[in-house]
1. When you go through I79, I84 one by one, which is the residue that is in contact with a helix residue (DSSP H, G or I) (Cβ under 6 Å, 6 or more places away or on another chain), farther than 17 Å from A50 by Cα and either aliphatic (A, V, I, L, M) or in contact (Cβ under 8 Å) with a residue 24 or more places away in the chain (or both)?
2. Can you pull out every residue in the range 100-115 that is among the hydrophobic types (A, V, I, L, M, F, W, C) and within 13 Å of F54 (Cα to Cα)?
3. Can you find a residue that is at pLDDT 85 or above, surrounded by 15 or more Cβ atoms within 10 Å (Cβ to Cβ) and farther than 29 Å from V36 by Cβ anywhere in the range 101-118?
4. Across the range 1-23, which residue is farthest from the chain's Cα centre (by Cα) among those that are among the hydrophobic types (A, V, I, L, M, F, W, C) and surrounded by 11 or more Cβ atoms within 10 Å (Cβ to Cβ)?
5. Only one of these conditions is not met by K46: (1) exposed (fewer than 11 other Cβ atoms within 10 Å of the Cβ); (2) within 21 Å of I122 (Cα to Cα); (3) charged (D, E, K, R). Which number is it?
6. Check whether at least one residue in the range 4-11 is in contact (Cβ under 8 Å) with a residue 24 or more places away in the chain and of a type in the set (F, W, Y), and report yes or no.
7. How about the range 57-84: which of its residues are under 22 Å from the mean Cα position of the chain (by Cα), surrounded by 13 or more Cβ atoms within 10 Å (Cβ to Cβ) and within 18 Å of C95 (Cα to Cα)?
8. Does S21 satisfy the criteria of being farther than 21 Å from L111 by Cβ, hydroxyl-bearing (S, T, Y) and free of Cβ contacts under 8 Å to residues at least 24 places away in the same chain?
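The values are calculated or read from the model by the stated rules, or taken from the named source; none is laboratory data. This structure is a prediction, so every number in the text was calculated from the model and none was measured. FYI the Cβ positions are ideal-geometry reconstructions off the backbone, even for glycines, and counts take in every protein chain you see.
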Amino acid sequence: MQNYDELVYRGTSFTLNALNSKIIESLETSVSTIVVKNLQMIQLQKAILAIGMFSLFDSILQDGLSCRNGFEGAKKTLIKIGKIELNDRFDNFICAINVLKHGQGRSYNTLVSKYKLLPFRINCQERISLMKVMSQKFLH
């Protein structure tokens, strides 16, 4: 089997490029409701993909480190070997995944407090509105 990081990169690139290209083509000729909804769907799929890949990574860490919480095990190991900066970056991504899953809360506040140092942008409002749409559509 290929390395996990290579598979994640190839899988996400393939999926997102395929989805984005069709929607971008549609947006060039129309801004209809269906095109906008498709764009929202892609945003949701990106979140689902990121959460799923991170969850899979956690299970790989659990197996490799023989522990119940792969992320905590990895963080302890990083601190133990003096990789503090890498531990901090890893923690930022853990918080980002939590924001994708739960919206505003402790992880969101942590990221907002250091937003200038992050290698990614924070946009929680969009995720919350997508979750409202999903809950109205599927949970009622």
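1. Going through I79, I84 in turn, the sole match is I79.
2. Residue satisfying the conditions is L100 alone.
3. The answer is yes; a qualifying residue exists.
4. Only one residue fits best here, namely I23.
5. The failed condition is (1).
6. There is at least one residue in the range 4-11 that is in contact (Cβ under 8 Å) with a residue 24 or more places away in the chain and of a type in the set (F, W, Y).
7. Of everything in the range 57-84, those that are under 22 Å from the mean Cα position of the chain (by Cα), surrounded by 13 or more Cβ atoms within 10 Å (Cβ to Cβ) and within 18 Å of C95 (Cα to Cα) turn out to be F57, D58, L61, N69, G70, F71, E72, G73, A74, K75, L78.
8. Yes, satisfied.
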